[in-house]
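The values are calculated or read from the model by the stated rules, or taken from the named source; none is laboratory data. Just so it is clear, the structure is predicted and the values come from calculations on it, not from any experiment. Neighbour counts run over all protein chains shown; Cβ positions are idealised from the backbone, glycine included.
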Amino acid sequence: MVLMEPAKVMRLEKFDEREWDAAGKLNQISSLDSIVKDKTKNLSSGTYRALSKQILEGMRLVHAAGLIHRDIKAENIMMHSSNGSTKVKIADFGLAKVDASKQIGVTACGTPLNMAPELILHNSTGNFKVDIWSVGVVLFQLASHEYPIQAGSILDLTKKMTSGRIIRPSIINDDQLWNLLTLLLEFDPNRRISAQQALQHPYFTSPQAQAEISPLSRQVTQNAVALFQQGQQYITKYDLDYTYTAPTPEIM
C-alpha cells in the first residue's frame, strides 16, 4: 500500500501541486465513491478495516510531512489493484496547504458534507484536525453508504451540526468501530484524535481485529512476501503486513 510515496511526502519544500495529483492518479481504477454509492456492496469486516487503516496511514504521512489536504472525500481516494490487493491513494491536492508550523490556519474550503464543524459553524481557521473529521465521514460512508450528517443545504447542515450529535446507524454493529468513528467525528477539534492515535485504537489492535483477517488476505500477503524474497523491489512494507491487505476480489 502506497497512499503517497514517502519520498514525495517529505519533499514539501519542493511542493508542486501537479506532482501530487500525478502521484495520486497513477494506475487508478476507481474511487472509494464507487463503494459508497453501491448499497449492495457491504465490505467484510476485515477488508473494511484494512482499507480504513490504509487511509489513516496515508493521512498520518501527509500530516507528519506538514500538509493539510482540506478536501478529503470518497471521490478523492482512488483505488488500484496490485498483486491481488486493493490499495488506496489520496488524490486531488488542489486545496492542499503546506503547514510549516504544523498549526497553520485553514479557511473554509472543501465539500460541505465532508467539512469539519469548526469550518461550517464558526467560519474559523482550523488545522490538520479538519482532515480527520473528513476521514471520519469517509469511513462512516464506507460502513453505511450514508453521510453521518445528511443535509440538503448549508443552513440545514448548520442546524444539524449545532446539535452536536450523530446517530448510530443499525448497520454499524461493531462497538469498537463505532467508538473509533465517534472519536474521528468529534465535534470539538481539540478532543478529536489524530491519525496516529486512530491507528493505535483497539479497533485495529485488538484480538478481534486479528481474528477477522481473512484467509484470502493472509494468502495475498504471503504471495507478496514470496515476491519480496525473490527480489521484487516494488513490494513495500505495507504489502508485507496483512493488516493492510484488502483482497481485490472482495472489492472490485
Is it true that TYR203 is buried (at least 16 other Cβ atoms within 10 Å of the Cβ), of a type in the set (Phe, Trp, Tyr) and in a helix (DSSP H, G or I)? yes
Tell me which residues, restricted to region 58-71, are part of a helix (DSSP H, G or I) and surrounded by fewer than 22 Cβ atoms within 10 Å (Cβ to Cβ). ARG60, LEU61, ALA64
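What tally of residues in region 94-114 results from selecting those that are at pLDDT 70 or above, closer than 20 Å to VAL62 by Cβ and in contact with a helix residue (DSSP H, G or I) (Cβ under 7 Å, 6 or more places away or on another chain)? Before the answer, list the steps.
Keep residues of region 94-114 that are at pLDDT 70 or above, which gives 111-114.
Applying the additional criterion that residues be closer than 20 Å to VAL62 by Cβ yields 111, 114.
When the remaining residues are screened for being in contact with a helix residue (DSSP H, G or I) (Cβ under 7 Å, 6 or more places away or on another chain), the result is 114.
Here the count works out to 1.
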Residue under question is GLN210, and the condition is that it be surrounded by 11 or more Cβ atoms within 10 Å (Cβ to Cβ) and of a type outside the set (D, E, K, R); does it hold? yes
